[in-house]
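Below you'll find the structure, written out as structure tokens, and then a few comments.
A short reminder: the numbers here are calculations on the coordinates, not readings from a lab. Just so we're clear, the structure is a prediction, and the values are computed from it rather than from any experiment. Cβ atoms come from the backbone with ideal geometry, glycine included; neighbour counts cover every protein chain shown.
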Amino acid sequence: MKRDRTAMRGDVACEEAPDVPRHVAIIMDGNGRWAAKRGLPRLEGHRRGVEALRRTVRAAIELDIRFLTIYSFSSENWRRPAQEIGDLFGLLRIFVRRDLADLHARSVRVLFIGSREGLPPDIAGLLAEAENLTRDNKGLTLVVAFNYGARQEILAAARAVAEAALRRRIEPGTIDEKAFEAFLETADIPDPDLLIRTSGEQRLSNFLLWQAAYAELVFMPVLWPDFDRAALEGALLEFKRRDRRFGGLAAPAPSLKERA
Ligand code: IPE
Ligand code: IPE
Ligand code: MG
């Protein structure tokens, strides 16, 4: 069973929604603008972005968030100059090498989603090492979307389903949402409840298009390098105010519920 969806279905829409989202996904945007505002090279913005990521992981653990997915390099980011791509890969290397032991000590399970094709071999090795070391950890699951694009992910799943059907391992008529999700890279990871994008941009940029179908979207003006625990708490507060309906009816106000 992929996940417990009791809190999502219409027939239990009256159930109290949890205050803290189980899964928070973040589009960490605005590093370049942060640097430009200070007359610094974009790399400096990305460096400070890694520091913001460290703060955010610690805050997520303290706030008892169970899954944190971060968008760190998109399939479309290959359109950037080679120098910047090299800098971003360099920062990923540094992050994994320097932070892995600490993440492991904090019982964080690290997973990577995205294509490993086209990545320098040492990076692919580092990603596998991080996943293997932290495989059995029971704390926060940190999902790093690296070289990730949601359309590519969905296409790969569609290809795998077609392949399985050809080999008669799956019956096309039985492919429902649950069966299809098992082919996505996020199989076994619950859908994000809250999706945050920093820097004021209001788009998904090919991030978790399937999984975010019912995520609460929070767009914040803060540039990613300035993001901290207080900013995360601000987003959680906004999440708490939202009325999640999943296509059903609004949960009745507490006073009405008591009378029912
Ligand atoms: C986010 O910051 C980091 C990545 C996309 C890798 P940007 O580099 O997109 O920063 P802006 O959007 O140019 O400010
Ligand atoms: C999305 O940010 C990708 C990441 C944060 C890794 P971009 O800065 O690449 O997105 P666009 O180009 O503004 O849509
Ligand atoms: Mg950007």
List pairs: first residue in segment 196-210 and in contact (Cβ under 8 Å) with a residue 12 or more places away in the chain, second residue near ligand 2 (Cβ under 9 Å from one of its atoms) and assigned to a loop (DSSP other than H, G, I, E, B) anywhere in the structure, Cβ distance under 7 angstrom, at least six positions apart or on different chains. ARG197/ASP29; THR198/MET28; THR198/ASP29; THR198/GLY30; SER199/ASP29; SER199/GLY30; GLU201/ASP29
Examine segment 86-109 for a residue that is surrounded by 20 or more Cβ atoms within 10 Å (Cβ to Cβ) and part of a strand (DSSP E or B), and state whether such a residue exists. yes
Among (1) within 16 Å of ligand 2 (Cβ to nearest atom); (2) among the charged types (D, E, K, R); (3) within 27 Å of ALA130 (Cβ to Cβ), where does GLU201 come up short? (3)
Considering segment 159-195 alone, what residues qualify as being part of a loop (DSSP other than H, G, I, E, B) and either without any contact (Cβ under 8 Å) to a residue 12 or more places away in the chain or within 16 Å of ligand 3 (Cβ to nearest atom) (or both)? ARG167, ARG168, ARG169, ILE170, GLU171, ASP176
Among the residues in segment 245-252, are any crowded, with 16+ Cβ neighbours inside 10 Å and part of a loop (DSSP other than H, G, I, E, B)? yes
If we keep just the residues of segment 191-227 that are surrounded by 19 or more Cβ atoms within 10 Å (Cβ to Cβ) and either over 25 Å from HIS46 (Cα atoms) or among the hydroxyl-bearing types (Ser, Thr, Tyr) (or both), which is nearest to ligand 1 (Cβ to nearest atom)? SER199
Specify which of the listed residues (ILE113, ILE170) is more than 21 Å from SER205 (Cα to Cα), β-branched (Val, Ile, Thr) and surrounded by 12 or more Cβ atoms within 10 Å (Cβ to Cβ). ILE170
